[in-house]
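No value in this document is a laboratory result; all are computed from the given coordinates. None of the values given here were measured: they were computed from a predicted structure. So basically every Cβ, Gly included, is an ideal-geometry build from the backbone, and we count neighbours across all protein chains shown.
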Amino acid sequence: MLQIMALETAIDVGLSEDEFKGGWHWIQGFKRRHGLTFRAKTRIGQDSNQDGADTLSAFSERVLLTAIANDVQVIYNADQTAVNYEYLPTKTLNAAKEDTVWVKCGGKTKERATAMLLADSTGRKYPLFLVLKTTKSKVKEVVQENLTWRNGFGR
């Protein structure tokens, strides 16, 4: 993005593509001259790998015992993941000494749908389906129909 903006500015002031390329070395020098660095948000408080392995082992044992106790033959596993349909950058160019990084995004970072994935213990994978969020209807008949026939989901 920095390179694109620099090239646009160079064109605006009348420089040709041969006079200014805005390459990697220019970007590094620009950041150094102005005390800037690329920053990304970080995650804090993650569990160690051993904690994850211990939790997984305990959960697997509990599922196996429950399946045996209830004579379950096939175990299904469903998972949901976000499908972003508007990609927004996660990095910004800030002064190197700043600790807090604010990324302006217009409040659209959560514009997404949910994809549901399903498989069973026999190895069969089922087709994924999308869960889309819609606004609730204000028409009483439609609200009642959604509650009666669609378990609260709209059409």
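Anything over 32 Å Cα to Cα? Flag those among Lys21/Lys91; Lys91/Lys133; Lys97/Lys133, in the order listed. Each step should come with its number before you reach the end.
Numbers: Lys21/Lys91 23 Å; Lys91/Lys133 28 Å; Lys97/Lys133 40 Å.
Listed pairs above 32 Å: Lys97/Lys133.
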Legend entry - Which of Asp51, Asp18, Asp120 has the fewest Cβ neighbours within 10 Å, and the rest in rising order: Asp18, Asp51, Asp120
Inset, instruction - Read phi for every residue in the stretch 52-64 and hand back ³J(HN,Hα) as whole Hz from Karplus 6.51 cos²θ - 1.76 cosθ + 1.60, θ = phi - 60°, with x for Gly and Pro. - result: x, 5, 5, 5, 4, 4, 5, 5, 4, 5, 5, 5, 4
Legend entry - In sequence order, calculated HN-Hα J values of the stretch 123-131 (Karplus, 6.51, -1.76, 1.60; Hz; x Gly/Pro): x, 6, 9, 9, x, 6, 9, 9, 10
